[in-house]
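The values are calculated or read from the model by the stated rules, or taken from the named source; none is laboratory data. Please read these numbers as outputs of a predicted model, since none were measured by experiment. Quick reminder, even Gly has a Cβ in these numbers, built from the backbone with ideal geometry, and neighbours come from all protein chains shown.
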Amino acid sequence: MSSWGQRLARPSQGPLFAFPEALPRPAVCEATAKRSTTARKGGGPDRRDVLNGRLLDGLTLVEPYGIPRMEPCALVPERLVAFSEAVHKADPTPGTWVHFYEDDYKFERLWREPERHFDLLTPFDGVISPDFSLYRNMSGSCKIWNTYRSYLLGAAMQARGMKVIVNVRLSGRKSIPYALAGVPPDSTLAIGLHGCTKSVENRGHVLEEVRTICDECQPANLVVYGSSRYGVLDYPVEQDIPVYEYKPDAFTRSRERRSK
């Protein structure tokens, strides 16, 4: 089951929340990563390389956190399909891109066997980089690790010639220095909002994070998996950033599986 995108119109209502200034981003330096010492000389992955260091070969790392920088992509998907569904589609419909806006366990296998799953995703028009969770109650080290994994897999797919849109996931203002480190300029960016606005208390955080992404990254387009309810996407539309909304298809996919 795929989710079709539609561009949002300019809202008629002003902002609902006041936002504090974002934390300043520290100065960064970049370095080109060298081949991991655990890479097999004859080619192919080494099973001892559980951290996927081999994927770093030739990538640009942004310090101080060593986050792989991704290349810009100005494309906008026609429709989206979840990774857990995509790996079973041998002949995808033209215009279909793969997303990872689902439970982490459903795409953890991509981290365990990246090259194998890269091959499965190649027939699609493109991929939105993985969306490993950044829960607010996670430790900072876990958040950095999941951010690193998301950017590493996305950059590695780009290095193999795949079209990849950067997924941006923030977790409060303290996450800005590492969560935005790998974002390229003048690029289509993607965010996942499905389930993020159910809680009234969380809506203010969502609004602030969407605003931060727009101000700090200046996206060429914003691809959003989720709902524009509660004005959470008003700010980018007011800033004349093209916003494309894709309705969540998780319920539809589950219902379709039960009917088979």
Inset, instruction - Might you check whether a residue that is more than 18 Å from L59 (Cα to Cα), free of Cβ contacts under 8 Å to residues at least 40 places away in the same chain and surrounded by 20 or more Cβ atoms within 10 Å (Cβ to Cβ) occurs anywhere in region 158-174? - result: yes
Legend entry - Any hit, region 102-114, residues being part of a strand (DSSP E or B), within 23 Å of K174 (Cβ to Cβ) and not aliphatic (A, V, I, L, M): no
Inset, instruction - Considering (1) within 30 Å of D249 (Cα to Cα); (2) surrounded by fewer than 16 Cβ atoms within 10 Å (Cβ to Cβ); (3) modelled with pLDDT of 70 or more, say which one R48 fails and leave the rest. - result: (1)
Inset, instruction - Considering each residue of region 158-177, count those that are more than 21 Å from N202 (Cβ to Cβ) and not small (G, A, S), and give that number. - result: 8
Inset, instruction - Exactly one condition in (1) in contact (Cβ under 8 Å) with a residue 60 or more places away in the chain; (2) crowded, with 20+ Cβ neighbours inside 10 Å; (3) touching a Phe, Trp or Tyr at 6+ places or on another chain (Cβ under 8 Å) is not met by T188; state its number. - result: (3)
Inset, instruction - Just name the residue that is farthest from G66 (Cα to Cα) out of those in region 105-157 that are acidic (D, E) and surrounded by fewer than 18 Cβ atoms within 10 Å (Cβ to Cβ). - result: D125
Legend entry - Restricting region 229-243 to residues that are crowded, with 20+ Cβ neighbours inside 10 Å and in contact (Cβ under 8 Å) with a residue 40 or more places away in the chain, the residue that is nearest to P72 (Cα to Cα): V243
Inset, instruction - Name the single residue, out of those in region 201-225 being touching a residue at least 40 places away in the same chain (Cβ under 8 Å) and either of a type in the set (A, V, I, L, M, F, W, C) or touching a strand residue (DSSP E or B) at 6+ places or on another chain (Cβ under 9 Å) (or both), that is nearest to K174 (Cα to Cα). - result: I213
Inset, instruction - Kindly indicate which of A39, A22, A31 is at pLDDT below 95 and in contact with a strand residue (DSSP E or B) (Cβ under 7 Å, 6 or more places away or on another chain). - result: A31
Inset, instruction - Report those helices (runs of 4 or more DSSP H) wholly inside region 161-260 carrying at least 1 residues which are at pLDDT below 95. - result: 200-217, 234-238, 250-258
Inset, instruction - For residues that are under 16 Å from the mean Cα position of the chain (by Cα) and not hydrophobic (A, V, I, L, M, F, W, C), tally how many sit in region 219-240. - result: 4
Legend entry - Filter result (more than 23 Å from T188 (Cα to Cα) and touching a Phe, Trp or Tyr at 6+ places or on another chain (Cβ under 9 Å)) within region 66-86: S84
Legend entry - Search result, residues across region 111-128 that are touching a Pro at 6+ places or on another chain (Cβ under 7 Å) and either farther than 23 Å from E78 by Cβ or small (G, A, S) (or both): E115, G126
